[in-house]
Amino acid sequence: MSAPETPPARARSAKPPRAARGAATPDAILTNAEARHVFLTRHLLAVPPTGPADLATVEATIGRLGFVQVDSIPTVARAHHMILYARHHRYREKTLTRLLDSRRLFEGWTHDASLVPMAFWPYWRRRFRTAETRLTARWSDDGRNLSMCEQVLAHVRDNGPTLSRDFAEEKSSAGWWNWQPTKVALEFLWRTGKLAVCHREGFQKVYDLTERVVPADLMAQDVSEEAIVDWAAEAALTRLGFATPRQLADFFELITAEEAEDWIARSADRLRPVGITLADGTVRRAVAFDDGAPLDTAAPTGRLRIVSPFDPMVRDRRRTEQLFDFFYRIEIYVPKEKRQYGYYVFPILEGDRFVARIDMARGASGALEVAGVWPEARVRFGAARTRALEAELTRLARFAGCDGVTFLDGWLRG
């Protein structure tokens, strides 16, 4: 496999005078604004979401992000579509379907189910191996029946693409299939690389043999453990701009923090230490590529846009809080009476800061209903910002197929 793409050209960065505490003096210390600008640029949220959204553009976007998380909750539109729409307002859902059908993406596990460039598949062999060890031990302890795996695998081999519901009324020599064990077996076989998701019907996975989904040249690649570590760390740093060892490891969740530290030590001639000023003024040490160019710190557009709770830039909630001074948690698993905001609340990004969060959903009338907007401290929703929000919601409603936008009484919260 070829190495990950080279990080984009970078603008000059200022060097504030103080060093990262508890570490050797970094080559440069980024102000908090500069660090946020780098992060937004690498996550493709620093420029307006205009321009084409054809197959090549969307495929390149997923490649630059590294993956797009899949989520089942269609409050407005599913998370993977919202993530791509936030970057390309001309994006349409059928584009992603075409990329999957043409085998340019595969559905794999990062921190959750995600759509990943097919070229990355050989590096997932490590995840398949570790998943088999971990899931066998965990699910066996839970009393889950994994003995049906061979029967399920044989069924897929003989019958082709299969959904879990296909086993609901099918007989075997042992009697009626039990839906729960077969579903567990399908999930186990997918997570361990023996099956692959070839497409979805509605939102249900359709499984097939991996060799019938993944191109033969990628199936034939046998990547060493060291090469996987090198690729995962380099690919993560390319997409983050700067990172700690833990952040490198957490990006794809293919390697450990210790392996990331070892990669940093082995790659010292290609890296440089940098200080990242957090929102509270403290400085954290990180690493960046030493490719002769400063990090990209150009200020992003002031465009207001709504971000999916599963967007890559907010996936690490702790980093979001430290870098952007924005405390965010999704409350879908919080009992209704204990929720601070709402069931499925979206962050609102304006330029390089989060200015609010919004509770919205497709209503019974077919309109996009806004139940609440909570501005951040010291953020005022005056006439100009409210108009910008209304315009963005109108565009989003059109994308999601809603019949306009309705603001419920008391939508602007204190």
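The values are calculated or read from the model by the stated rules, or taken from the named source; none is laboratory data. Fair warning: this is a prediction, and the values are worked out from it, not measured in the lab. No Cβ is skipped: glycine too gets one built from the backbone with ideal geometry, and neighbour counts run over all protein chains shown. Note: areas computed on protein heavy atoms with side chains; ligands, DNA, RNA excluded. Shrake-Rupley method; radii C 1.70, N 1.55, O 1.52, S 1.80 Å.
For the stretch 282-369, the carbon plus sulfur part of the accessible surface works out to 47%, probe radius 1.4 Å. For Ala28, the amide hydrogen comes within under 5 Å of the amide hydrogens of Gly275, counting only partners 5 or more places away or on other chains and with H modelled in the peptide plane. Phi angles of the stretch 305-317 translate, via the Karplus equation with coefficients 6.51, -1.76, 1.60 and θ = phi - 60°, into HN-Hα couplings of 8, 9, 10, 5, x, 9, 5, x, 6, 10, 4, 7, 4 Hz per residue; Gly and Pro are given as x. Taking the centroid of alpha carbons for each part, the stretch 275-337 and the stretch 236-265 are 16 Å apart. Between the residues Trp374, Val197, His155, the greatest Cα displacement towards the positive end of the dipole of the chain, with unit charges on the Cβ of Lys, Arg, Asp and Glu, is found for Trp374. Modelled this way, with points 7 Å down the Cα-to-C-beta line, the labels at Asp290 and Glu150 are 5.5 nm from one another.
Overall, the stretch 209-314 carries a charge dipole of about 700 debye about its Cα centre when +1 sits on the Cβ of Lys and Arg and -1 on the Cβ of Asp and Glu, all other atoms neutral. Applying a DSSP loop filter and a limit of 11 other Cβ atoms within 10 Å to the trypsin sites (Lys or Arg not before Pro) in the stretch 331-394 leaves Arg378, Arg380. I want to verify a result. In a Gaussian network model of the chain, Cα cutoff 10 Å, which of these has the top mean-square fluctuation: Arg138, Arg319, Arg87? Among Arg138, Arg319, Arg87, the largest GNM mean-square fluctuation belongs to Arg138. In this structure the amide hydrogen of Cys198, modeled in the peptide plane, comes within under 5 Å of the amide hydrogens of Val206, Tyr207, Asp208, none closer than 5 places in sequence on its chain. The Cα atoms of the stretch 187-323 give a gyration tensor whose axes a ≥ b ≥ c have a/c of 1.5 or more with a/b no greater than b/c, which makes the shape oblate.
Summing Cβ point charges (Lys, Arg +1; Asp, Glu -1) relative to the Cα centre of the chain gives a dipole of roughly 1200 debye. For the chain, which longest stretch is free of loop sites, where a loop site is one of the GluC sites (Glu not before Pro) that DSSP puts outside H, G, I, E and B and that has at most 12 other Cβ atoms within 10 Å? Value returned for the longest uninterrupted segment is 171-414.
Per residue, the solvent-accessible area of the chain (1.4 Å probe, heavy atoms of protein chains only, all protein chains present) comes to 45 Å². Dipole of the stretch 244-378 computed with +1 at Lys/Arg Cβ and -1 at Asp/Glu Cβ about the Cα centre; of Tyr344, Trp263, Phe251, farthest Cα towards the positive end is Tyr344. Proximity of backbone amide H atoms, modeled 1.01 Å from N, is registered between Val405 and Leu368 at under 5 Å, excluding neighbours fewer than 5 places apart on the same chain.
In this calculation the C-beta distance from Arg303 to Ala279 is compared with R0 = 22 Å, giving a FRET efficiency of 0.55.
Residues within the reach of a label modelled at Ala268 (point 7 angstrom out along Cα to beta-carbon, backbone nitrogen below 19 Å), restricted to the stretch 290-328, are 290-292.
When the chain is treated as a GNM with alpha-carbon contacts under 10 Å, the residue of Ala367, Ala356, Ala383 showing the greatest mean-square fluctuation is Ala383. Size descriptors for the stretch 276-414 (Cα atoms only): Rg and Dmax, in that order, 17.0, 56 Å. Equivalent ellipsoid of the chain: semi-axes from √(5λ) of the C-alpha gyration tensor, largest first, are 36, 30, 19 Å. Modelled spin-label separation between Ala391 and Asp54, with each label point placed 7 Å from Cα along the Cα-to-Cβ direction: 2.8 nm.
Given bins 10 angstrom wide, list per bin the percent of all Cα-Cα distances in the stretch 62-168, short to long. Values per bin, smallest distances first: 12, 32, 36, 18, 2.
Full extension of the segment from Trp411 to Leu163, taken as 0.36 nm per residue of separation minus the current Cα-Cα distance, would add 85.1 nm. For the chain, the number of Lys pairs with C-alpha atoms closer than 19 Å, counting only pairs eight or more positions apart or on separate chains, is 5.
For the stretch 276-291, the Karplus equation 6.51 cos²θ - 1.76 cosθ + 1.60, evaluated at θ = phi - 60°, returns couplings of 10, 7, 7, 4, 8, x, 6, 10, 10, 7, 9, 10, 9, 5, 9, 9 Hz by residue, with Gly and Pro reported as x. Between Arg92, Arg42, Arg266, the residue with the greatest mean-square fluctuation in the GNM of the chain (Cα pairs under 10 Å linked by springs) is Arg266.
Applying Stokes-Einstein at 4 °C and 1.567 mPa s to the Kirkwood radius of the stretch 261-325, computed over alpha-carbon pairs, gives a translational diffusion coefficient of 90 µm² s⁻¹.
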